[in-house]
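S.K.: If you scroll down you'll find the structure; I have some questions about it.
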Amino acid sequence: MDLKTVGIVYRKEFTEWVRDRRTLISTVLVPLLIFPIMIVGIVGVSSAMVGKAKQETPKVMIIGGENSPKLLANLSKFENIEIVPYASNWKDQISNKEVRAAAEIPRGFETSLESGSPQTVKIYYYEGELKSSFGADRVEKFFKDYRDSVVKERLAAKNLPASVLSPFEVKQENVAPPEKVSGATIGTFVGYMVIILSMTGAIYPAIELTAGEKERGTMETILSSPISRLDLVLGKFLLVFSASIAAAILSVTSMGTSFAVLSHVHLSDSGGQALQLNLGWLSVVFVFLMALPLSVLFSALLMTIALFAKSYKEAQSYLTPITFVAVIPAIASVMPGVELTPKLALVPVLNTSLVCKEIMTGTYHWSSIAVIFASTCAYAAVALFLAVKTFQRESVLFRS
Amino acid sequence: MIEARGLSKRFQDKKRGEIRAVDNVTFRCQPGQIYGLLGANGAGKTTTLRMLATILEPTDGTAVVCGYDVVENPEKVRANVGFLSTATALYPRLTAQELVEYFGRLNGLDEAVLKKRVDEIFQRLDMNDFRDRRCDKLSTGMKQKTSIARTLVHDPPVMIFDEPTLGLDIMTARTITAFIRECRDRGKTVIFSTHIMSEVEKLCDVIGVIHDGKLLTKGTLARLRDQYGEHDLEEIFIRVVSPLQTKVEV
């Protein structure tokens with residue numbers, strides 16, 4: 001191996017890489033923009049929709065209540081809802097969004113209230129429909145407040161304090177530091193994204209530098225130069241690996257920045273109550289270190305497979321199923337209840353994904369980390385060896 | 001010098017079984033000479049030349065190029081060879097100069113020598129107008145000149161041309177044939193494959209006729225004319241590859 005020659009190949013591949021618009025899109029633009037777009041898009045659209053839904057005064061229909069004039073009078077005074085006249089097709093009206101909710105008052109409600117007989121007020125709404133839920137919430141709030149006022153009146157009549165109903169309070173308090181909370185909530189997602197994007201970042205250059213060379217006819221040109229196949233593969237591999245790492249670093253930076261901005265916005269919106277989205281940066285660095293051998297594995301494997309193809313299109317069709325093979329274990333790791341076990345520590349992709357999940361929540365099982373790092377390095381070395389061997393096979397290079 | 005000794009190449013094909021693309025080919029090509037490998041499509045020309053350029057490894061036999069064995073010292077062989085064919089394309093996103101420099105560096109030239117060499121070649125081939133233009137923006141003629149510059153950058157003593165004029169327009173083809181002649185005049189060993197008879201007649205000092213992977217005959221044009229009693233090279237070629245076929249009278 002001649003490092004100088006490897007460097008010459010790498011520099012040339014890098015020059016071509018940065019001049020390729022498609023590469024810039026897949027390796028730089030997508031990882032940089034996907035999170036801001038996703039976060040701004042999802043948060044923006046959902047908060048706009050919720051805000052709009054909250055502004056609306058929901059139309060509510062009252063079913064029954066003829067014998068409860070006091071309740072009806074209170075309901076009509078309640079400003080947060082608009083009472084509409086009763087219609088027998090009230091269910092259809094809720095479904096058609098003409099009415100947001102309906103409240104069914106039992107016959108003889110006020111009489112039963114006086115006598116203390118148990119009774120139920122039913123609130124009808126359309127589940128999954130945001131404005132209908134808000135309408136139902138407001139009606140429910142009215143009835144709960146009404147019930148509380150009745151209770152207070154009765155207690156006052158018997159000279160009892162309101163605290164008689166709740167002699168003590170129960171409250172949960174978090175002791176975990178913010179980064180641990182973030183680790184548990186979005187940390188698993190970070191590990192998953194690093195793994196997925198380190199692979200997607202490698203796909204395009206892996207194809208471009210193998211099947212792409214064959215399709216353009218430059219493979220024969222480079223093979224006629226005195227460079228050894230080993231140096232050629234290593235130079236190409238380093239470029240694919242760089243692209244893979246670049247995509248992962250850019251995506252996590254973009255994700256971290258997006259979350260930080262979102263936390264800040266939420267902080268100012270919520271009057272000081274911070275949204276726990278700050279990442280522990282030391283954990284992120286560790287996740288990257290764990291992802292490095294996996295990135296080597298992806299880069300070498302994708303290059304090896306893509307080399308079998310004669311054209312860019314053919315290589316894409318080979319690599320699409322491989323993407324799923326890598327994505328499925330990564331998804332499995334973020335499922336609740338999937339924990340790192342000694343056996344799973346040897347399953348490529350899944351092991352790294354699981355250990356990243358642990359690292360992000362601040363748990364460092366050094367023996368597992370060592371086993372996973374070593375096993376992934378071993379898989380990566382095998383993949384790189386395969387890539388070099390494949391580049392020496394005439395039947396693959398000159399497949400017709 | 002090039003010396004092929006019983007050079008053979010077999011491929012395995014799933015449908016057709018074993019294919020002998022090149023079968024026991026032996027010939028010698030001297031410095032200052034153009035050796036023309038004449039054959040129809042699929043005769044084994046490209047495979048032979050790819051073995052000489054060490055892009056493919058022989059199944060049997062070997063060849064010695066500039067004193068280096070193609071099997072034992074393939075990298076040394078490639079350092080002494082300039083290989084040009086219509087299949088050797090250019091990197092589209094490099095400029096003409098970057099491409100030539102890249103191959104110069106791969107051939108181990110240091111930066112000072114490389115710069116001098118590139119300037120000299122670009123001047124000689126009249127390429128200065130497009131030296132900073134990307135290869136995907138070059139015309140066919142400019143691309144061919146860039147390919148020539150690539151093969152010349154390390155000043156190899158042996159030049160291998162595999163059907164270099166295939167599919168080119170007449171002006172570009174003339175640039176290539178002029179370049180091949182110039183290589184011979186500079187004392188380089190040149191081997192050149194084609195199926196175009198007129199090119200062979202114009203260029204080659206020695207002709208080898210290859211058919212079904214076998215080198216059926218070789219010699220100067222004058223010797224072949226004597227041997228087969230024909231003046232026209234096309235008739236000689238037909239007599240060599242299918243001896244039973246009678247001459248078509250027009």
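S.K.: What longest region of chain A stays clear of trypsin sites (Lys or Arg not before Pro) that DSSP places outside H, G, I, E and B and that have at most 16 other Cβ atoms within 10 Å?
M.R.: Of all site-free stretches, the longest is A:172-309.
S.K.: What translational D, rounded to a whole number of µm²/s, comes out for the protein assembly as shown from Stokes-Einstein when the hydrodynamic radius is the Kirkwood one over Cα pairs, at 10 °C and 1.306 mPa s?
M.R.: Using the Kirkwood radius from Cα pairs, D works out to 51 µm²/s.
S.K.: Lysines near B:Lys15 by alpha-carbon distance under 23 Å, same-chain residues fewer than 8 away left out - which ones?
M.R.: Excluding near neighbours in sequence, the set is A:Lys310, B:Lys45, B:Lys214.
S.K.: Given a Förster distance of 60 Å, report the FRET efficiency between A:Lys158 and A:Val40 from their Cβ-Cβ distance, rounded to the nearest 0.05.
M.R.: Plugging the Cβ-Cβ distance into 1/(1 + (r/R0)^6) gives 0.60.
S.K.: Then there is this: Could you tell me the convex hull volume per residue, in Å³, taken over the Cα atoms of the stretch A:320-400?
M.R.: In the stretch A:320-400, the Cα hull volume divided by residue count equals 104 Å³.
S.K.: Hey, another quick one. Using unit Cβ charges (K, R positive; D, E negative) and no other charged atoms, how large, in debye to the nearest 20, is the dipole of chain A about its Cα centre?
M.R.: 460 debye
S.K.: For the stretch B:1-77, state which trypsin sites (Lys or Arg not before Pro) are in a DSSP loop and have at most 15 other beta carbons lying within 10 Å of their beta carbon.
M.R.: Here the sparse-neighbourhood loop sites are B:Lys14, B:Lys15, B:Arg16.
S.K.: Right, here's the next one. Report, in whole Å, the centroid distance computed from the Cα atoms of the stretch B:184-222 and the stretch A:127-165.
M.R.: Computed from Cα coordinates, the inter-centre distance equals 103 Å.
S.K.: Compute the Rg to Rh ratio over the stretch B:72-171 from the alpha carbon atoms, using the Kirkwood formula for Rh, and round to two decimal places.
M.R.: For the stretch B:72-171, the value is 0.95.
S.K.: Moving to a separate point now. How many angstrom lie between the Cα centre of the stretch A:39-116 and the Cα centre of the stretch B:123-170?
M.R.: 81 Å
S.K.: Could you give the nm distance between label points at A:Leu165 and A:Thr320, where each point is 7 Å from its Cα heading toward the beta carbon?
M.R.: Here the answer is 6.2 nm between the modelled labels.
S.K.: With each run of n ≥ 4 DSSP H residues scored as -39500 (n - 2.57), what mean residue ellipticity at 222 nm is computed for chain B after dividing by its residue count and rounding to the nearest 500 deg cm²/dmol?
M.R.: Only helices count here, giving -11000 deg cm²/dmol.
S.K.: Of all alpha-carbon pairs in the stretch B:117-217, indicate the percentage at a distance above 22 angstrom. Write down the numbers at each step before the final one.
M.R.: Numbers: 1752 of 5050 pairs.
That fraction is 35 percent.
S.K.: Ok, one more. Reachable lysines from A:Lys12, Cα under 16 Å, same-chain residues fewer than 8 places away excluded?
M.R.: Excluding near neighbours in sequence, the set is A:Lys4, A:Lys236.
S.K.: Also, quick follow-up: Between A:Lys310 and B:Arg131, what is the FRET efficiency for a Förster distance of 41 Å, r being their Cβ-Cβ separation, to the nearest 0.05? Please report the intermediate quantities before stating the final value.
M.R.: Details: r = 32 Å, r/R0 = 0.79.
The value I calculate is 0.80.
S.K.: Viscosity 0.890 mPa s, temperature 25 °C: give me the Stokes-Einstein translational D for chain B in µm²/s, with Rh taken as the Kirkwood radius over C-alpha pairs.
M.R.: Rounded to a whole number, D works out at 129 µm²/s.
S.K.: Also, quick follow-up: Run the numbers on chain B and let me know its relative contact order in percent, using alpha-carbon pairs under 8 Å that are six or more apart.
M.R.: On the way: 462 pairs, mean separation 67.3, N = 250.
RCO, chain B: 27 percent.
S.K.: If I model a spin label at B:Ala40 and A:Glu110 as a point 7 Å from the Cα along the Cα→Cβ vector, what separation in nanometres do I get?
M.R.: Distance between the two pseudo-spin positions: 11.0 nm.
S.K.: Using alpha carbons only, how many degrees (0 to 90, rounded to 10) separate the axis of helix B:140-152 from the longest principal axis of chain B?
M.R.: 90 degrees
S.K.: List the longest stretch of chain A that has no exposed loop site; here a site is one of the chymotrypsin sites (Phe, Trp or Tyr not before Pro) assigned by DSSP to anything other than H, G, I, E or B, with at most 14 other Cβ within 10 Å.
M.R.: So the longest stretch without any such site is A:169-363.
S.K.: Roughly what % antiparallel, to the nearest 5, for the DSSP beta bridges in chain B?
M.R.: Here the share of antiparallel DSSP bridges comes out near 55 percent.
S.K.: Related question: Can you give the Rg to Rh ratio of the stretch A:285-342, both from alpha-carbon atoms, with Rh computed by the Kirkwood formula?
M.R.: Rounded to two decimals, Rg over Rh is 1.08.
S.K.: Between A:Thr257 and A:Glu394, what FRET efficiency comes out of the Förster formula 1/(1 + (r/R0)^6) with R0 = 45 Å and r the beta carbon distance, rounded to 0.05?
M.R.: On the way: r = 48 Å, r/R0 = 1.08.
Once the sixth-power term is evaluated, E becomes 0.40.
S.K.: Shifting gears a bit: In degrees from 0 to 90, rounded to the nearest 10, what is the angle of the helix B:96-106 Cα long axis to the longest principal axis of chain B?
M.R.: 80 degrees
S.K.: If you don't mind, there's one more thing I want to ask. Which value in deg cm²/dmol, rounded to the nearest 500, describes the helix-derived mean residue ellipticity at 222 nm for chain A, given -39,500 (n - 2.57) per DSSP H run of n ≥ 4 and division by the residue count?
M.R.: Calculated at 222 nm, the ellipticity per residue is -22000 deg cm²/dmol.
S.K.: Determine the percent antiparallel among the DSSP beta bridges restricted to the protein assembly as shown, to the nearest 5.
M.R.: Given both bridge residues lie in the protein assembly as shown, the antiparallel proportion sits at roughly 50 percent.
S.K.: Another question, if that's okay. Output the DSSP H helices from chain A with an along-axis C-alpha extent of no less than 27 Å and a mean Kyte-Doolittle hydropathy no less than 0.0.
M.R.: Numbers: long enough: A:30-55 (36 Å, 1.52); A:130-157 (40 Å, -0.60); A:188-208 (31 Å, 1.41); A:229-269 (59 Å, 1.22); A:281-308 (40 Å, 2.37); A:312-334 (33 Å, 0.88); A:366-391 (37 Å, 1.65).
Helices meeting the span and hydropathy rule in chain A are A:30-55, A:188-208, A:229-269, A:281-308, A:312-334, A:366-391.
S.K.: Right, something else. Quick check: convex hull over the Cα atoms of the stretch A:41-164, volume per residue in Å³, rounded to an integer?
M.R.: 133 Å³
S.K.: Straight-line reach only, C-alpha to C-alpha below 27 angstrom: list the lysines that A:Lys152 could link to, leaving out same-chain residues fewer than 8 apart.
M.R.: Candidates past the 8-residue exclusion: A:Lys70, A:Lys77, A:Lys122, A:Lys141, A:Lys144, A:Lys171.
S.K.: Taking the convex hull of the alpha carbon atoms in the stretch A:96-160, what volume per residue do you get, in Å³?
M.R.: That works out to 93 Å³ per residue.
Since every read-out is calculated from the coordinates, none of them should be taken as a lab result. These numbers were taken from a predicted model, which means no experiment stands behind them. All Cβ positions, glycine included, derive from the backbone under ideal geometry; neighbour counts span all protein chains shown.
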